[in-house]
1. Could you identify the single residue in 299, 315 that is in contact (Cβ under 8 Å) with a residue 24 or more places away in the chain and part of a helix (DSSP H, G or I)?
2. Would it be correct to say that residue 252 is surrounded by fewer than 23 Cβ atoms within 10 Å (Cβ to Cβ) and modelled with pLDDT of 95 or more?
3. Considering segment 349-365 alone, what residues qualify as being assigned to a helix (DSSP H, G or I) and touching an Asp or Glu at 6+ places or on another chain (Cβ under 8 Å)?
4. Being surrounded by 22 or more Cβ atoms within 10 Å (Cβ to Cβ) and over 16 Å from the mean Cα position of the chain (by Cα) is true for just one of 383, 400, 377, 420. Which residue is that?
5. On the basis of being at pLDDT below 95 and over 17 Å from residue 352 (Cα atoms), does residue 280 make the cut?
6. Please determine, by comparing only the residues of segment 136-145 that are among the aliphatic types (A, V, I, L, M) and not in a helix (DSSP H, G or I), which one is surrounded by the most Cβ atoms within 10 Å (Cβ to Cβ).
7. Can you name the residue in segment 370-385 that is closer than 15 Å to residue 322 by Cα and not hydrophobic (A, V, I, L, M, F, W, C) and, of all such residues, is modelled with the lowest pLDDT?
8. Against the definition (among the small types (Gly, Ala, Ser) and surrounded by 24 or more Cβ atoms within 10 Å (Cβ to Cβ)), how does residue 367 come out, yes or no?
Amino acid sequence: MTAADGPAPGSPAEDASADAAHQVLLSGSYLRVLLLSLLLGVPIAVACFFFVGLQHWLQHEVWTSLPKAVGYKEAPWWWPLPALALAGVILAPIVTRMPGGGGHLPVNGLGGTAIGPRELPGVVLAALATLPLGVVLGPEAPLMAMGSGLALLAVRRFDVTNPQTAAIVATAGSTAAISTILGGPIVAAILVVEAAGLAGARLAVLLLPCLIASAAGAVVFTGFGSWTGLSVGGLALPTVPPLVTPDAGDFLWGVPLAALIAGVITVTHRLGHVTSRWTAVRRTALRTLACAVAVGICLTAYALLTGRSPEEAALSGQATLGDLAANTGVWSVGALLALVVCKGLAWGISLGSLRGGPIFPALLLGAAGGVACAGLPGLGATPALALGICAAGTAVMGLPLCSAVLTVLLMGKDAHDQTPLIVTAAVVAHLTVLFVNRGRAQRDQGDQGDGGRRSSRKSSACS
């Protein structure tokens with residue numbers, strides 16, 4: 001539902017809708033929904049903690065421990081080929097035979113429809129068995145699926161029959177899950193607000209359960225990390241270049257650079273739609289395997305072109321993003337452009353054929369593109385990094401406010417100096433995506449119209 005779907009602001013229908021929403025907020029049944037969301041945030045966070053921890057452990061074993069065990073200092077250039085082939089072999093039967101197909105395709109968005117307990121094992125298995133092998137996707141979509149699946153399982157256990165209540169609780173579960181890797185409940189809540197497109201009291205009906213569930217989950221997630229000493233990663237930049245206030249040169253370069261990055265991300269995202277149509281037509285299992293191998297080839301090409309580890313282009317890109325932010329001067333322009341091309345192709349293929357989340361790799365692609373242009377006269381490394389992350393996040397999520405807030409949090413405690421440039425990049429990127437997609441929609445409508453006219457002429461000739 002979007003804001004345009006509701007009554008006009010200030011109209012009698014809007015006032016009536018707000019009054020009804022206020023009554024819901026004060027009702028005993030809604031307070032029970034809040035309590036249920038609070039209670040669900042705890043077990044969902046525990047499940048997400050062990051899911052992310054196990055994923056990172058498997059990733060370390062595949063890309064660090066195993067290469068050393070066979071005599072290599074780091075993963076050799078050919079390492080992605082067998083790793084991704086194995087990922088394809090594992091994923092193919094999950095996609096074609098297990099309930100839910102291992103989750104929705106990441107090219108279709110972040111959350112997808114809420115999954116039930118029956119589909120949950122396939123989602124978890126697909127993520128844990130393939131993401132650590134180098135699939136160029138993140139864990140955010142499987143986490144959200146886990147959150148909604150566990151929430152719906154609890155709803156059934158509590159015998160909740162109201163479909164609206166079940167939908168709210170499922171959304172709260174997804175929000176609690178995704179908040180564990182997005183730095184807490186604030187970004188997750190903004191994501192829900194912006195994606196829902198609601199306003200006023202109607203928004204509060206959905207937002208409050210999400211806030212309370214994600215807050216409880218974040219506390220538990222943080223506490224388990226301190227208690228166990230287990231590092232579960234997360235989207236964080238422990239070190240960033242020295243922060244300076246952007247000047248006129250940063251804005252002059254930043255506006256076209258944000259548009260360029262958003263355009264590249266949008267066009268690359270379309271590769272996912274092409275791949276999804278190709279894999280869905282026939283021989284889905286075989287074509288899923290072929291796509292996984294193609295991803296491995298892209299990662300191998302990066303290693304051969306740059307002489308660097310293929311791990312930098314593989315996986316979600318969280319670790320590489322942190323390394324890039326901490327060592328912007330170490331990366332050559334050639335290596336950064338190779339990363340954008342090779343990882344971008346791998347990401348586009350993964351979007352339409354494999355399983356995972358679309359956000360994290362896109363953030364790295366935007367950061368790499370921004371830092372690659374940091375040598376332009378008047379453009380600093382820190383502003384280039386910030387606007388690249390924000391532009392890419394806006395392009396892949398379609399949520400400029402959420403992307404801007406996420407970028408500010410990533411850039412650290414002094415990021416308020418970068419906020420004007422970050423917000424500008426979000427606006428420019430969002431408009432760029434709308435412009436590019438509008439042109440595509442017009443071409444699609446033209447093709448459909450031409451096809452309809454050809455079909456009409458053919459029918460007339462036959463008659």
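The values are calculated or read from the model by the stated rules, or taken from the named source; none is laboratory data. Note that the structure is a prediction, hence the values are computed from the model and not measured. Cβ placement follows ideal geometry from the backbone for every residue including glycine, while neighbour counts extend to all protein chains displayed.
1. One residue alone meets the criteria, 299.
2. No; evaluated as a whole, the condition is false for this residue.
3. Within segment 349-365, the first condition is being assigned to a helix (DSSP H, G or I), and the residues that meet it are 349-351, 359-365.
Those that are assigned to a helix (DSSP H, G or I) and touching an Asp or Glu at 6+ places or on another chain (Cβ under 8 Å): 359, 360.
4. Criteria check complete, one pass: 383.
5. no
6. Filtering first and then ranking leaves 136.
7. Ranking the qualifying residues of segment 370-385, first place goes to 382.
8. yes
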